[in-house]
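A.B. asks: Encoded as structure tokens, here's the structure I'll be asking about.
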Amino acid sequence: MRKIFITALGFFVAVSATAQKLDNSLLWKISGNGLSKPSYLFGTMHIACNTTLDANVQTALENTKQLYLELDMDDPKISSEILAGMNMKNGVTLNSLTSPEDYKMLDEFLTTTLGTPSGSLKTVKPMVISTLLLPKMIDCEPQSYEMELLKYTQMQKEEVYGLETAKEQLTLFDNIPYNEQMADLIKMAQDKMTFAKAEAQQLMSLYKSKDINGILEFMKKDGNPLFANHMDAFINNRNKNWIPKIEKVAKEKPTLFAVGAGHLPGDGGVITLLRKQGYTVEAVK
């Protein structure tokens, strides 16, 4: 459960409203602007059915000296950070965020789907519960690109680091009103995740075709309004915070940076932000 939760934290993708069209590619080479050797940027999907790394990604791992994920997934402190950040603040509980009828319906849904009644999750942030539901949205045994990258890097006896901490990611959920999170969770329970499953299938199809522009258009047209309404918190601010870290790390050592594919496209995406800093960022095909 810990690994599923960690890898699912960044699954939700949201994107900015306008963007320069990018090549269909998940792997991008970062060079120039004083870098002695290139680093690479890889867009992941945190929960998927088949996470086999293609030859280009394996080559990028072999040509770099370390791996940076959104989170340092082999950090021994990560479990305690997750436990410390899962609960709502100020004594807020799930049943205080909705009607008794909807809470009863949610309780039955969570008991059936997760095997866990809402009572045992009564202080947990609704978006954390939504994250726990992610593996149920796909019709296969869930796999993680992050875990594949982690295994490959460990085989190379190289280090793994994180661009942010689990505490920082979970703090994001405190910046989104709990009642909005709860309304989204209730909606998911009401249709027994029918819409969420269809959305996950479409995103996996776009990801398989490496169509990051299509992911952008899909999210603009059909994406969850909860994320669209809080774009800065989920995507733009995090991307901005990552850029100086990526610059510093890439100058010190050739690195593979792997983040959710939704962070790549858009005017506020990592690719464009790095280009604005003077780096050459080109698709690897």
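The values are calculated or read from the model by the stated rules, or taken from the named source; none is laboratory data. Just so it is clear, the model here is predicted, and its values are computed rather than measured. So basically every Cβ, Gly included, is an ideal-geometry build from the backbone, and we count neighbours across all protein chains shown.
A.B. asks: Consider Asn241 against the criteria (1) in contact with a His (Cβ under 6 Å, 6 or more places away or on another chain); (2) part of a helix (DSSP H, G or I): it satisfies all of them except one. Which criterion is unmet?
C.D. replies: Of (1) in contact with a His (Cβ under 6 Å, 6 or more places away or on another chain); (2) part of a helix (DSSP H, G or I), only one is false for Asn241: (1).
A.B. asks: Which members of segment 41-91 meet the condition of being free of Cβ contacts under 8 Å to residues at least 60 places away in the same chain, assigned to a loop (DSSP other than H, G, I, E, B) and out of contact with any helix residue (DSSP H, G or I) (no Cβ under 9 Å at 6 or more places or on another chain)?
C.D. replies: Asp54, Pro76, Asn90, Gly91
A.B. asks: Inspect segment 132-149 for any residue being part of a helix (DSSP H, G or I) and among the β-branched types (Val, Ile, Thr) and give the result as yes or no.
C.D. replies: No - not one qualifying residue is present in segment 132-149.
A.B. asks: Looking only at segment 151-177, filter to residues that are closer than 29 Å to Asp139 by Cα and of a type in the set (Phe, Trp, Tyr); which one of those is modelled with the highest pLDDT?
C.D. replies: Only one residue fits best here, namely Tyr152.
A.B. asks: Cβ-Cβ under 8 Å, sequence separation 6+ or interchain: first residue in segment 189-201 and without any contact (Cβ under 8 Å) to a residue 24 or more places away in the chain and surrounded by 14 or more Cβ atoms within 10 Å (Cβ to Cβ), partner assigned to a helix (DSSP H, G or I) and among the aliphatic types (A, V, I, L, M). Which pairs?
C.D. replies: Phe195/Met188
A.B. asks: Please go through segment 89-129 and pick out each residue that is basic (Lys, Arg) and farther than 25 Å from Gln169 by Cα.
C.D. replies: Lys104
A.B. asks: Continuing with this model, one more query. Any residue in segment 169-186 that is touching a residue at least 40 places away in the same chain (Cβ under 8 Å), within 26 Å of Phe257 (Cβ to Cβ) and of a type in the set (Ser, Thr, Tyr)?
C.D. replies: yes
A.B. asks: Further, regarding this structure: Are any of the residues in segment 161-170 of a type in the set (Phe, Trp, Tyr) and either part of a helix (DSSP H, G or I) or surrounded by 19 or more Cβ atoms within 10 Å (Cβ to Cβ) (or both)?
C.D. replies: No; the residues of segment 161-170 include none that is of a type in the set (Phe, Trp, Tyr) and either part of a helix (DSSP H, G or I) or surrounded by 19 or more Cβ atoms within 10 Å (Cβ to Cβ) (or both).
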